[in-house]
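Just below is one structure, and these are the notes that go with it.
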Amino acid sequence: MDAEERRGLLQAEAGHRDPSPGQGEPDTPLSEQELYLSKVQNGRLFLATFAAVLGPMSFGFVLGYSSPAIPDLMSINDPYLRLDATQASWFGSIVTLGAAAGGLLGGWMVQRMGRKLSLMFSSIPFVCGFTIIVAAQGVWMLHLGRALTGLASGVTSLVVPLYISETAHERVRGLLGSCVQLMVVIGIMGVYLAGLVLDWRWLAVFSSIPPTLMLVCMCFMPETPRFLLSRGQRAEAEEALRFLRGPDAPVQWESARIEESTHEQGSEFRLSDLRDPGVFKPLLLGVSLMIFQQMTGINAIMFYAESIFEQAHFQNGDVGSVLVGVTQVVFTAVAALVMDRAGRRLLLIISGVSMALSTAAFGVYFYLLNQPQPQTQISWLALLSMGVFITGFALGWGPIPWLVMAEILPVRVRGFAGAVCVLTNWTMAFTVTKSFQDMMTFLTSAGTFWLFSFMCVLNLFFTTFFLPETKGKTLEQIEDMFRGSSSRA
């Protein structure tokens, strides 16, 4: 189906379904894209997105679980389960190693099994991991359970952004893509709240609920149309589009547009494709986004959160952690609501400025705190800096790298390139977390946070000069932009 035939199909559908007796022609004719989107209904698309983002919620439960569980496990009476300081450190950080492996596994799964089945299978290590923690009779079982939940988190962090980007249309892709990070922070806040009333075993049982729901819900959701068309399954792809776009949308038009792009690229990835600017440019941008996200200092801020609240004379550090979680949820939700209007680059710039200023202020705080006659009334500076940093991160550098990664990677390399990006992110997370104490010793506390501030300035430079805006573009138009082709209508 060529461009003229597609246009004729849309016009025929518009004339057949929306007769307007007594009304003249519009002053400005609608483009093909606008004409098509005017027929789209979003109800089932939102339902499919909800089913998918139960995965990031599970991921949030995994990330947040260690905070309330470690104090219980370090004070438990059972000598076979009691964690010492080193074991507690590994209990918290082994998740990042499992997630790095999960990114590689997810890259293979999405290409061989598809996006839907990959999501369904990722629920298995989630549930198994938490089950092993519940049944743990030794520290090794606790670590094994955490590693399995980390593996599932790595698969999820790759597959869910791809599933959403390939099912959503351009008018709501920013909103729905931002829900990935929103559900992560909701999961973290949820496990913090549950940890106030549940012990570590019941908390693990509670944490297994979201992945179980994801497995059930995804059974009723479609595979992504782009994956089906890359496998030559046009009838199934149109059926999936009909589910996602509603009964009134002429899905043959969107199917033909995606199919044309798929044929132009070819369906099989080869290493020689890395020489193609349409492949290596988005891959390089995706890897850079993941590096810069972890070098903002988010893990360091979260590491210091409890001690900062204590220095500010909070009576209960757990309540402080919940406040941090609420802040993340609120401003990640704000980012999701404005994403498709403000654009990705503007929010990243606002986020980068906020984090650069707040980490610089953190450096000043630690510098003053470590003077021979330390200032005693500066805890407000740490609280203010943490609030500004978390707000800024939630607005931009938290949700947007995952969204943009899923938008810019060409469909035929999304398995390989997505795995590289996820592996980079989790490797950087592990490296920054494990080297943080060494950095504090070598650079001092103030110097470490000033280094993070410098990295946030580099984020701004990268965003301003190298990152293209993807707001309002179809995935095919984004691919054309990197290949240097003219955009489709």
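Counting only residues that are among the hydrophobic types (A, V, I, L, M, F, W, C) and more than 17 Å from F220 (Cβ to Cβ), the stretch 234-252 holds 4 of them. Using the structure shown, decide if D78 is out of contact with any helix residue (DSSP H, G or I) (no Cβ under 7 Å at 6 or more places or on another chain), of a type in the set (D, E) and over 23 Å from V432 (Cα atoms). Considered against the rule, which asks whether it is out of contact with any helix residue (DSSP H, G or I) (no Cβ under 7 Å at 6 or more places or on another chain), of a type in the set (D, E) and over 23 Å from V432 (Cα atoms), D78 comes out as yes. Taking the stated definitions as given, is N316 modelled with pLDDT under 80 and under 17 Å from G392 (Cα atoms)? The answer is no for N316. The set of residues from the stretch 241-254 being surrounded by 16 or more Cβ atoms within 10 Å (Cβ to Cβ) and touching a residue at least 40 places away in the same chain (Cβ under 8 Å) comprises F243, L244, R245, G246, A249, P250, Q252, W253, E254.
Results for (1) farther than 18 Å from S208 by Cβ; (2) in contact (Cβ under 8 Å) with a residue 12 or more places away in the chain; (3) over 22 Å from the mean Cα position of the chain (by Cα), shown as yes or no for each residue.
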| position | (1), (2), (3) |
| --- | --- |
| L35 | yes, yes, yes |
| Q41 | yes, yes, yes |
| L63 | no, yes, no |
| L81 | yes, yes, yes |
| G103 | yes, yes, no |
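Mind listing just one residue for me: the one in the stretch 442-459 that is within 19 Å of Q293 (Cβ to Cβ) and not hydrophobic (A, V, I, L, M, F, W, C) and, of those, surrounded by the most Cβ atoms within 10 Å (Cβ to Cβ)? Only one residue tops the list, namely N459. Answer with yes or no whether S165 is surrounded by fewer than 23 Cβ atoms within 10 Å (Cβ to Cβ) and polar (S, T, N, Q). No.
Condition test on T441, is it part of a helix (DSSP H, G or I) and free of Cβ contacts under 8 Å to residues at least 24 places away in the same chain? The answer is yes for T441.
Within the stretch 123-140, is there a residue that is closer than 18 Å to A419 by Cβ, touching a helix residue (DSSP H, G or I) at 6+ places or on another chain (Cβ under 7 Å), without any contact (Cβ under 8 Å) to a residue 40 or more places away in the chain and not polar (S, T, N, Q)?
yes
Beta carbons closer than 8 Å, at least 6 apart along the sequence or on distinct chains, pair a first residue in the stretch 457-469 that is charged (D, E, K, R) with a second that is surrounded by fewer than 18 Cβ atoms within 10 Å (Cβ to Cβ) for E469/G343. Residue check: Y192 meets all listed conditions (1) within 21 Å of I124 (Cβ to Cβ); (2) hydroxyl-bearing (S, T, Y); (3) at pLDDT below 95 but one, namely (1).
Pick out the one residue from V404, V353, V411, V364 that is surrounded by fewer than 24 Cβ atoms within 10 Å (Cβ to Cβ) and under 21 Å from S157 (Cα atoms). Of V404, V353, V411, V364, the one residue that is surrounded by fewer than 24 Cβ atoms within 10 Å (Cβ to Cβ) and under 21 Å from S157 (Cα atoms) is V411. Going by the conditions given, is A168 of a type in the set (A, V, I, L, M) and within 30 Å of T86 (Cα to Cα)? When the stated conditions are applied, A168 does not pass them. Against the definition (at pLDDT 85 or above, small (G, A, S) and either part of a helix (DSSP H, G or I) or within 24 Å of the chain's Cα centre (by Cα) (or both)), how does S93 come out, yes or no? Spelling it out, it is not the case that S93 is at pLDDT 85 or above, small (G, A, S) and either part of a helix (DSSP H, G or I) or within 24 Å of the chain's Cα centre (by Cα) (or both). Based on this model, can you work out whether V279 counts as over 24 Å from F465 (Cβ atoms), at pLDDT 70 or above and of a type in the set (V, I, T)? Spelling it out, it is not the case that V279 is over 24 Å from F465 (Cβ atoms), at pLDDT 70 or above and of a type in the set (V, I, T). Scanning the stretch 44-72 for residues that are crowded, with 20+ Cβ neighbours inside 10 Å and among the aliphatic types (A, V, I, L, M) yields L45, A48, A51, A52, V53, L54, M57, V62, L63, A69.
The set of residues in the stretch 390-399 being in a helix (DSSP H, G or I) and buried (at least 23 other Cβ atoms within 10 Å of the Cβ) consists of I390, G392, F393, A394, L395, G396, W397.
Every residue, every condition in (1) within 30 Å of A249 (Cβ to Cβ); (2) touching a Phe, Trp or Tyr at 6+ places or on another chain (Cβ under 7 Å); (3) among the polar types (S, T, N, Q); (4) free of Cβ contacts under 8 Å to residues at least 12 places away in the same chain, yes or no:
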site	(1), (2), (3), (4)
G150	no, no, no, no
G154	no, yes, no, no
V159	yes, no, no, no
S165	yes, no, yes, no
A168	yes, no, no, no
M189	no, no, no, no
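Within the stretch 400-423, the only residue that satisfies the criterion of being outside any helix (DSSP H, G or I) and among the aliphatic types (A, V, I, L, M) is L409. Here R201 fulfils each of the conditions (1) more than 30 Å from G472 (Cβ to Cβ); (2) surrounded by 22 or more Cβ atoms within 10 Å (Cβ to Cβ); (3) of a type in the set (K, R) apart from (2).
Residue pairs whose Cβ atoms lie under 7 Å apart, separated by 6 or more positions or on different chains, with the first residue in the stretch 197-209 and over 10 Å from I133 (Cα atoms) and in contact (Cβ under 8 Å) with a residue 12 or more places away in the chain and the second assigned to a loop (DSSP other than H, G, I, E, B) and among the hydrophobic types (A, V, I, L, M, F, W, C), are F206/L198. The residues of the stretch 356-389 that are more than 11 Å from A446 (Cα to Cα), at pLDDT below 90 and in a helix (DSSP H, G or I), listed by number, are S379, W380, L381, A382, L383, L384, S385, M386, G387. Within the stretch 169-205, which residues are more than 23 Å from F243 (Cβ to Cβ) and either part of a loop (DSSP other than H, G, I, E, B) or aromatic (F, W, Y) (or both)? Scanning the stretch 169-205 gives Y192, L196, V197, L198, D199, W200, W202.
The values are calculated or read from the model by the stated rules, or taken from the named source; none is laboratory data. Keep in mind the model is a prediction, meaning the values are calculated, not measured. For neighbour counting, all protein chains shown are included, and Cβ atoms are generated from backbone atoms with ideal geometry for every residue, glycine included.
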